[in-house]
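The values are calculated or read from the model by the stated rules, or taken from the named source; none is laboratory data. Small disclaimer: the values here were computed from a predicted structure and weren't measured. Every residue, glycine as well, gets a Cβ built from its backbone with ideal geometry; the counts of neighbours run over all protein chains shown. In case anyone asks, the SASA skips ligands and DNA or RNA and just uses the protein heavy atoms, side chains included. Shrake-Rupley method; radii C 1.70, N 1.55, O 1.52, S 1.80 Å.
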Amino acid sequence: MATERFELELFGEGVERRFRKLRPDVLAMPWGTLDTAGISEQALVLARRQWTGAAFQEHRTAIACAATQRAMLECRAPVDLCAMMARFILDELVHVELCARMAMELGGGTEILHDPDHMILDGDPALPPLLRASEVVVRFFCVGEALSIPLLRGTWKAARHPLPRAVLGRIVKDEAAHGTFGFAFLDWALPSLSDDDRELLGRAADRGIRGVHKLWDGLKNNRNTAYLESGDALAWMHSDAYLALAEKSLETQVRAPLRKRGIPLSL
Ligand SMILES: [Fe+2]
Ligand SMILES: [Fe+2]
């Protein structure tokens, strides 16, 4: 396994100016206004780690969107649906930058080592194009992105300081479209898929849900109270509230809409 440090850069100059023009609200956010003076060192390190981890997750999501985009094009999904996915890739890149900048505002990013060859589980090339695309959409969108809407909204509501509020507000706005996309795709694809295909999609959803549970187990084991003393400036929901909302959202945002579409789940 080749591990590399997770570090990103901007090319700058005209390229960056064009990037800024696509999303002018990023520079308009109140950068440089976070006062970290009253926050303990321990809480600050934790916050830097959280935002760096968030940047890494957004980067992974950008890769998942790119993989989904390719699979959708290969199965000749509707052009407008494909165009939405093209925008999602840009959204995720903006989220990467926002989270990375938040870490910088708090004193800098923390170290993340990763294997760039194993960032996501790509679609299975042995499957026919439509089923291949549906499988990645179920894992990445019907499970991953659908679940992120209520969780991000909760975190956004918990934030008081204008900077994290602006950052999370931008992300929440974009994620609203990402979270419903998977089910729109399924509504187009399912009439062309068989019962066996639906079972395969159910197993894909199970795999996605198992991954989510693993992530939550990590959170449960690393419950931390350092945020409680740091107030709102760090903008992260306390783990207990987050986990309670996460369980509820998994049922309402993921399992229920999948079952409604005849996708059998065993988890
Ligand atoms: Fe995102
Ligand atoms: Fe997203």
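Candidates 70, 18, 60, 23: the one that is under 30 Å from residue 185 (Cβ atoms), in contact with a Lys or Arg (Cβ under 9 Å, 6 or more places away or on another chain) and either away from ligand 1 (no atom under 16 Å from the Cβ) or not polar (S, T, N, Q) (or both) is 23. Within region 43-51, can one find any residue that is under 16 Å from the mean Cα position of the chain (by Cα), more than 23 Å from residue 204 (Cα to Cα) and in a helix (DSSP H, G or I)? Yes, some residue in region 43-51 is under 16 Å from the mean Cα position of the chain (by Cα), more than 23 Å from residue 204 (Cα to Cα) and in a helix (DSSP H, G or I). Every listed requirement among (1) more than 16 Å from ligand 2 (Cβ to nearest atom); (2) open to solvent by 10 Å² or more (accessible area, probe 1.4 Å) is met by residue 159 save one, (2). Residues of region 171-219 that are open to solvent by 50 Å² or more (accessible area, probe 1.4 Å), within 16 Å of ligand 2 (Cβ to nearest atom) and charged (D, E, K, R): 173 alone. Within region 26-42, restricting attention to residues that are in a helix (DSSP H, G or I) and open to solvent by 50 Å² or more (accessible area, probe 1.4 Å), the residue that is farthest from residue 103 (Cα to Cα) is 28. Scanning region 113-156 for residues that are open to solvent by 30 Å² or more (accessible area, probe 1.4 Å), within 17 Å of residue 77 (Cα to Cα) and within 15 Å of ligand 1 (Cβ to nearest atom) turns up just one, 140. Which residue out of 147, 152, 193, 186 is over 21 Å from residue 252 (Cα atoms) and hydrophobic (A, V, I, L, M, F, W, C)? Every option except 193 fails the conditions. Against the definition (within 13 Å of the chain's Cα centre (by Cα) and under 26 Å from residue 3 (Cβ atoms)), how does residue 109 come out, yes or no? Taking the combined requirement at face value, the residue does not satisfy it.
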